[in-house]
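The values are calculated or read from the model by the stated rules, or taken from the named source; none is laboratory data. Bear in mind that the values here come from a model prediction, so they are computed numbers and not experimental data. Every residue, glycine as well, gets a Cβ built from its backbone with ideal geometry; the counts of neighbours run over all protein chains shown. Only protein heavy atoms, including side chains, enter the accessible area calculation; ligands, DNA and RNA are left aside. Shrake-Rupley method; radii C 1.70, N 1.55, O 1.52, S 1.80 Å.
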Amino acid sequence: MAQAVRKLYNLGSSSSPISHLIYNKHKANSQGLYALSPWGKSIRCHFSVGNFQAGSSASSDTSEDGAGLCHQEFQRWQNGGGAFHKSACIDPTALIETGAIVHPKSVVGAYVRIGSGTVIGPSVTVGQLTKIGYNVALSNCSIGDSCVIHNGVCIGQDGFGFLVDEKGNILKKPQLLDARVGNHVEIGANTCIDRGSWRDTVIGDHSKIDNLVQIGHNVVVGKSCMLCGQVGIAGSVTSGLLLLAVSPRISKNLGIMAASLLFQLVSGEDKLLHNLGHQRKGLIKSCEMI
């Protein structure tokens, strides 16, 4: 087969259709092999990365969620080995570990750390000094400064919003807004925070969220709130300052504790325990003197 192709090539001149076809096929195969390279061409980048032009013919960024992107526009980040799109704006001090990817037009601040397997979606902003764990998915959101986002967190996905038409069919309600996480927020593993539909979903500064928490679309959590494990907050809820939310199981235990304390106060048991404590301390002191 190779000999037959070589004979055909020798028969044709440089301008013949046969030689043109063979040359173009060889060129396409070479480009295809280069495109399949896991890292492509290593490049040193500054805070403003690349000279991206929206009208460039090389770009195939055809959708807001990044679908249809040309993989040749992704390059290897020099600090950690992760991948980034040439239109992303990344501070040179940021660490992007191998297997992580930063999508187009995202902004990553100074001293941010992004763990392996994490996806920073299109137009996402991550503030300085924020630490992001493994296998985190961020889309349609902004993250403040000095936050901690643990493994498996998902922020900015569609909320659970539907409507019923006149025929009884359940139709998806558009979820087009964002999720905004403030400064100094910590979010536990496998927690989900949905994007907004009629207003942004907001997490206030200095709030702390435990593992396995679900926060629905349009929720506004105030500053310095605490959400314990397995808490679920339904869509469009607004909370003020210093909210403490716990799961039903924990709240039942808290109710038992509160009832026990109330019984001690009413029955005088707390005074008895207080007196016994004083007697015990006096006995120990007497033994030490002996």
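Here residue 171 clears all of (1) open to solvent by 30 Å² or more (accessible area, probe 1.4 Å); (2) in a loop (DSSP other than H, G, I, E, B) except the condition numbered (2). Within the bounds of segment 84-95, is there any residue that is open to solvent by less than 10 Å² (accessible area, probe 1.4 Å), free of Cβ contacts under 8 Å to residues at least 40 places away in the same chain and in contact with a helix residue (DSSP H, G or I) (Cβ under 9 Å, 6 or more places away or on another chain)? Taking every residue of segment 84-95 in turn, at least one turns out to be open to solvent by less than 10 Å² (accessible area, probe 1.4 Å), free of Cβ contacts under 8 Å to residues at least 40 places away in the same chain and in contact with a helix residue (DSSP H, G or I) (Cβ under 9 Å, 6 or more places away or on another chain). With respect to being open to solvent by 20 Å² or more (accessible area, probe 1.4 Å), touching a residue at least 60 places away in the same chain (Cβ under 8 Å) and over 16 Å from residue 220 (Cα atoms), residue 184 falls outside the description. Taking the conditions (1) of a type outside the set (A, V, I, L, M, F, W, C); (2) surrounded by fewer than 20 Cβ atoms within 10 Å (Cβ to Cβ); (3) assigned to a strand (DSSP E or B) in turn, residue 230 satisfies each one other than (3).
Taking every residue in segment 232-246 that is within 14 Å of residue 209 (Cβ to Cβ) and among the hydroxyl-bearing types (Ser, Thr, Tyr) and pairing it with any residue that is at pLDDT 75 or above and not in a loop (DSSP other than H, G, I, E, B), at least 6 positions away or on another chain, the pairs with Cβ-Cβ distances below 9 Å are 239/220; 239/221; 239/233. Do we have any residue at all in segment 206-221 that's within 26 Å of residue 108 (Cβ to Cβ), part of a strand (DSSP E or B) and open to solvent by 70 Å² or more (accessible area, probe 1.4 Å)? Taking every residue of segment 206-221 in turn, at least one turns out to be within 26 Å of residue 108 (Cβ to Cβ), part of a strand (DSSP E or B) and open to solvent by 70 Å² or more (accessible area, probe 1.4 Å). Under the condition of being open to solvent by less than 40 Å² (accessible area, probe 1.4 Å) and in contact with an Asp or Glu (Cβ under 9 Å, 6 or more places away or on another chain), which residue from segment 127-138 is farthest from residue 103 (Cα to Cα)? So, considering only residues that are open to solvent by less than 40 Å² (accessible area, probe 1.4 Å) and in contact with an Asp or Glu (Cβ under 9 Å, 6 or more places away or on another chain), the one farthest from residue 103 (Cα to Cα) is 130.
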